[in-house]
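These notes are about the structure you will find just below.
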Amino acid sequence: QVQLVESGGALVQPGGSLRLSCAASGFTFSLYAMAWYRQAPGKERELVASITNGGNKNYRGAVKGRFTISRDNAKNTAYLQMNSLKPEDTAVYYCNARWTNSEYWGQGTQVTVSS
């Protein structure tokens, strides 16, 4: 059974940091590109960051220099380190795994940036 389980979401003050984790099971994690998406209330889901199976990374402009995506194939886990958080980063963050025509989603974790 394929599972992507996100964790690490929380309420944090502006300027704070969080690290999200995405624990994967049920598929060959090392083959898959991993990504983090987010969806704020009333907005469409958007790609935040991605990492290929070879370790190449990409970020949306609004998070460059603040967020870092990484993966640990030995632990079947992907991470999103988020620093200098802003209120506009508030959203549900989703983990995504993709390889050829297979794609999986996690259930999401809430990140709220507010004072």
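In summary, Leu31 fulfils each of the numbered conditions (1) open to solvent by 60 Å² or more (accessible area, probe 1.4 Å); (2) within 24 Å of Thr100 (Cα to Cα); (3) in contact (Cβ under 8 Å) with a residue 60 or more places away in the chain; (4) under 15 Å from the mean Cα position of the chain (by Cα) with the single exception of condition (4).
A quick yes/no check of all residues on (1) open to solvent by 60 Å² or more (accessible area, probe 1.4 Å); (2) polar (S, T, N, Q); (3) within 13 Å of Phe29 (Cα to Cα):
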position	(1), (2), (3)
Arg60	yes, no, no
Arg66	no, no, no
Met82	no, no, no
Glu88	yes, no, no
Glu103	yes, no, yes
Val113	no, no, no
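Is it the case, given these coordinates, that Leu47 is under 11 Å from the mean Cα position of the chain (by Cα) and without any contact (Cβ under 8 Å) to a residue 24 or more places away in the chain? So Leu47 fits the description; yes.
Residue under question is Tyr93, and the condition is that it be open to solvent by less than 30 Å² (accessible area, probe 1.4 Å) and in a strand (DSSP E or B); does it hold? In short, yes. Taking strands (runs of 3 or more DSSP E) as the structural unit, those lying wholly within region 34-78 and holding at least 2 residues that are under 15 Å from Arg19 (Cβ atoms) and not hydrophobic (A, V, I, L, M, F, W, C) correspond to 67-72. Pairing each residue of region 1-17 that is within 21 Å of Ala33 (Cα to Cα) and open to solvent by 60 Å² or more (accessible area, probe 1.4 Å) with any residue that is polar (S, T, N, Q) and outside any strand (DSSP E or B), provided the two are 6+ apart or on different chains, yields C-beta distances under 9 Å for Val5/Gln107.
Criterion first (under 17 Å from Thr109 (Cβ atoms), hydroxyl-bearing (Ser, Thr, Tyr) and open to solvent by less than 50 Å² (accessible area, probe 1.4 Å)) does Tyr37 satisfy it? Yes; evaluated as a whole, the condition is true for this residue.
When region 2-28 is limited to residues that are in a loop (DSSP other than H, G, I, E, B) and among the hydroxyl-bearing types (Ser, Thr, Tyr), the one that is nearest to the chain's Cα centre (by Cα) turns out to be Ser17.
The values are calculated or read from the model by the stated rules, or taken from the named source; none is laboratory data. Keep in mind the model is a prediction, meaning the values are calculated, not measured. As a convention, Cβ positions derive from the backbone with ideal geometry for all residues, glycine included, and neighbour counts pool all protein chains shown. In case anyone asks, the SASA skips ligands and DNA or RNA and just uses the protein heavy atoms, side chains included. Shrake-Rupley method; radii C 1.70, N 1.55, O 1.52, S 1.80 Å.
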